[in-house]
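> This is the structure I want to talk about, given as structure tokens.
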């Protein structure tokens with residue numbers, strides 16, 4: 001039976017460390033604010049934004065909320081970002097995704113100053129990560145690395161299979177696992193014999209975006225399984241991309257949904273915010 005990797009506990013540990021660090025920086029006169037911009041009132045986005053504000057309050061970082069109506073134009077949003085880029089006290093800028101369809105996400109991401117890109121999505125941040133240069137790391141993949149390390153999972157030399165190739169999780173996850181000396185395979189919707197490939201993984205990271213898609217037949221006995229998915233099932237209960245009850249019989253360690261990867265994303269966002277204050 002698998003050990004359950006407790007993302008809530010590990011994220012709390014990280015937030016407590018960051019709280020101390022933020023207080024030490026404040027004592028040296030180093031402070032800063034995170035600007036959080038939300039366009040429209042998507043219910044999931046509202047929950048995420050609230051969680052981010054609460055995390056800022058816990059750590060001792062000021063947060064500035066910009067809640068804009070759905071019909072806000074791309075031009076207005078770009079004007080706001082330009083203003084925040086120029087404000088000295090604003091050390092981090094976060095635009096909650098997804099944006100309404102009339103706004104180009106790429107244009108918005110690229111408008112944020114790389115020095116304030118605490119989401120780690122700007123092309124300059126991605127480039128820095130690719131070559132191992134200093135910069136902000138994307139929060140979910142960085143959180144998964146911390147989950148593994150703080151759970152005592154050895155990464156170096158292990159075969160890691162990542163299912164999913166998005167810019168937010170799959171691709172950066174592959175780069176960060178390579179940085180930790182794993183051997184990495186990236187699988188996706190066009191991969192043949194997916195179950196056979198997954199059964200070769202010592203560490204299986206699932207970001208496929210399909211509820212409860214991955215069952216025991218995809219998991220090698222004793223593998224570590226990280227479930228990045230989050231969905232609601234037919235009973236309106238949260239579930240991941242992995243059939244948890246089935247998978248935990250084969251895995252040596254597994255993340256639950258909720259309470260696995262999710263809390264780590266916000267903890268690593270806070271880590272980037274503290275880094276931005278430290279370097280700002």
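The values are calculated or read from the model by the stated rules, or taken from the named source; none is laboratory data. None of these values were measured; they are calculated from a predicted model. Cβ coordinates were reconstructed from backbone atoms using ideal geometry, including for glycine residues, and neighbour counts include every protein chain displayed.
> Looking for something at pLDDT 95 or above, more than 14 Å from the chain's Cα centre (by Cα), crowded, with 20+ Cβ neighbours inside 10 Å and part of a helix (DSSP H, G or I) - is there at least one such residue anywhere in the stretch 127-134?
Yes, the stretch 127-134 has at least one match.
> Among residues belonging to the stretch 222-243 that are touching a strand residue (DSSP E or B) at 6+ places or on another chain (Cβ under 8 Å) and over 16 Å from residue 198 (Cα atoms), point out the one that is surrounded by the most Cβ atoms within 10 Å (Cβ to Cβ).
240
> Shifting gears a bit: State whether the residues of the stretch 249-270 include one that is on the phi > 0 side of the Ramachandran plot and out of contact with any helix residue (DSSP H, G or I) (no Cβ under 8 Å at 6 or more places or on another chain).
Looking through the stretch 249-270, none of the residues is on the phi > 0 side of the Ramachandran plot and out of contact with any helix residue (DSSP H, G or I) (no Cβ under 8 Å at 6 or more places or on another chain).
> Also, quick follow-up: Is it the case that the stretch 234-244 has a residue that's touching a helix residue (DSSP H, G or I) at 6+ places or on another chain (Cβ under 6 Å) and within 19 Å of residue 163 (Cα to Cα)?
no
> Could you figure out which of (1) out of contact with any strand residue (DSSP E or B) (no Cβ under 6 Å at 6 or more places or on another chain); (2) closer than 22 Å to residue 107 by Cα; (3) modelled with pLDDT of 95 or more; (4) buried (at least 16 other Cβ atoms within 10 Å of the Cβ) isn't true of residue 71?
If we test residue 71 against (1) out of contact with any strand residue (DSSP E or B) (no Cβ under 6 Å at 6 or more places or on another chain); (2) closer than 22 Å to residue 107 by Cα; (3) modelled with pLDDT of 95 or more; (4) buried (at least 16 other Cβ atoms within 10 Å of the Cβ), just (4) comes out false.
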